[in-house]
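Before any comments, here is the structure.
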Amino acid sequence: MSDQIVLKAEQRTDSGKQFAKRLRLSGQLPAVVYGEKEAPITCVVDGRALTDLLHSHGRNAIITLEAGDKSQSTIVKELQHHPVRGDILHVDFHRIDLTRKIIVEVPVDSQGIPAGVRNDGGILEHMLHHIEIECLPTDIPEHIEIDVSELEVGDSLHVSDLTVADNLAVITDGDRTTFSVAAPSLRGEDEEEEGEEDELAAEDEMQEPELIERGKRDEDEEADES
C-alpha cells in the first residue's frame, strides 16, 4: 500500500521562464495541480522536500498537498527534468479520489537467478521495466516481482505470466515480454575471429607488393644480362 505524505505548497500567480528560474535558484519548484474536474492550480513546492519524498516513497506515493487551509490528495503525474543535470525543473500533480480507481505505472522486478544463467552462462534481459495497472490509490504496490528462476536459455516471460493481487488489474498488453534469457555472448569469439581475419589480410597485403617488386627485379636483372 502506498504511503501518504504531507507536502507544503504555496499558490502562485506569477509565471514565465524568469520567474521559474528565480524559484529554482531559491530551492523551490513551480508546480501545477489538476484533475477531478476542478480548475488547475499553479503553486510552488520545496524542491528538496519533493526530491527526498520521491526517493523515500517512490513516484506512486499519495501526497497530501497543503496550501493554506486547503488539503488535497494527489499523486505525481509528470516530472520535467533538466536535460543535462537531471534535476527536477517542474512537477505536475494529479488530484485523486481515494475511493476511485486510477491507472498508474508500477516497476517490474525479477526474483531469483534463471537456470539458464546459472547453468549455461546465459544473460537475463529485462525487456519491460514498468507496467500499467488499475487500482485504488491506497492499493498501489511499490513494485511487482516475477520469478525468473526457471527460465532456460531462449525462454521468455510475458505480462500475462505476472501474478498480481485480486485488487489490481493489469492494463498493459499481456503479450509484451518482461524478461528473457539470451544465449551467452559470442561477441568475444567473433571479435577474435575478426582479428585473425584482419591479421591474415594484413599479411597478404604486405606480401603482394613484395612479390610484385621481386618479379620486377627479376625482369630488370634479365634485361641487364641481355
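For region 1-18, taking the residues that are basic (Lys, Arg) and surrounded by 10 or more Cβ atoms within 10 Å (Cβ to Cβ), the one that is modelled with the highest pLDDT is identified as LYS8. Within the set ASP69, ASP92, ASP52, the sole residue that is surrounded by fewer than 18 Cβ atoms within 10 Å (Cβ to Cβ) and either aliphatic (A, V, I, L, M) or over 30 Å from VAL164 (Cβ atoms) (or both) turns out to be ASP69.
Let me spell it out: the conditions are (1) closer than 29 Å to ILE133 by Cα; (2) surrounded by 15 or more Cβ atoms within 10 Å (Cβ to Cβ), and GLU38 meets all of them except one. Which number is the exception? Unmet for GLU38, out of (1) closer than 29 Å to ILE133 by Cα; (2) surrounded by 15 or more Cβ atoms within 10 Å (Cβ to Cβ): (2). For LEU79, state whether it is surrounded by 14 or more Cβ atoms within 10 Å (Cβ to Cβ), over 14 Å from ILE96 (Cβ atoms) and free of Cβ contacts under 8 Å to residues at least 40 places away in the same chain. So LEU79 passes the test. Report whether or not ASP87 is assigned by TED's automatic domain parsing to the domain that holds GLU10, surrounded by 15 or more Cβ atoms within 10 Å (Cβ to Cβ), farther than 19 Å from ASP139 by Cα and within 22 Å of the chain's Cα centre (by Cα). Considered against the rule, which asks whether it is assigned by TED's automatic domain parsing to the domain that holds GLU10, surrounded by 15 or more Cβ atoms within 10 Å (Cβ to Cβ), farther than 19 Å from ASP139 by Cα and within 22 Å of the chain's Cα centre (by Cα), ASP87 comes out as no.
Among the residues of region 142-161, the one identified as part of a loop (DSSP other than H, G, I, E, B), in contact with a strand residue (DSSP E or B) (Cβ under 6 Å, 6 or more places away or on another chain) and farther than 27 Å from PRO184 by Cβ is HIS143. Of all residues in region 109-130, those that are on the phi > 0 side of the Ramachandran plot have Cβ atoms under 7 Å from Cβ atoms of residues that are surrounded by 12 or more Cβ atoms within 10 Å (Cβ to Cβ), 6 or more apart or on another chain, in GLY112/ASP147; GLY112/VAL148; GLY112/SER149; GLY121/PRO184. With the condition kept exactly as written, say whether any residue in region 108-115 is crowded, with 18+ Cβ neighbours inside 10 Å and among the small types (Gly, Ala, Ser). Checked region 108-115: no residue is crowded, with 18+ Cβ neighbours inside 10 Å and among the small types (Gly, Ala, Ser).
For region 1-41, the candidate set comprises residues that are touching a residue at least 12 places away in the same chain (Cβ under 8 Å), among the polar types (S, T, N, Q) and assigned to a loop (DSSP other than H, G, I, E, B); within that set, the residue that is nearest to THR64 (Cα to Cα) is SER2. For THR64, the requirement of being outside the structural domain of VAL108 (by TED's automatic domain parsing), in contact (Cβ under 8 Å) with a residue 12 or more places away in the chain, more than 23 Å from the chain's Cα centre (by Cα) and surrounded by 11 or more Cβ atoms within 10 Å (Cβ to Cβ) is met. Within region 42-57, is there a residue that is under 28 Å from CYS135 (Cβ atoms), outside any helix (DSSP H, G or I) and not aromatic (Phe, Trp, Tyr)? Yes, some residue in region 42-57 is under 28 Å from CYS135 (Cβ atoms), outside any helix (DSSP H, G or I) and not aromatic (Phe, Trp, Tyr).
The values are calculated or read from the model by the stated rules, or taken from the named source; none is laboratory data. Keep in mind it's a predicted model, so treat the numbers as computed, not measured. Cβ sites come from the backbone with ideal geometry, for glycine too, and all protein chains shown count toward neighbours.
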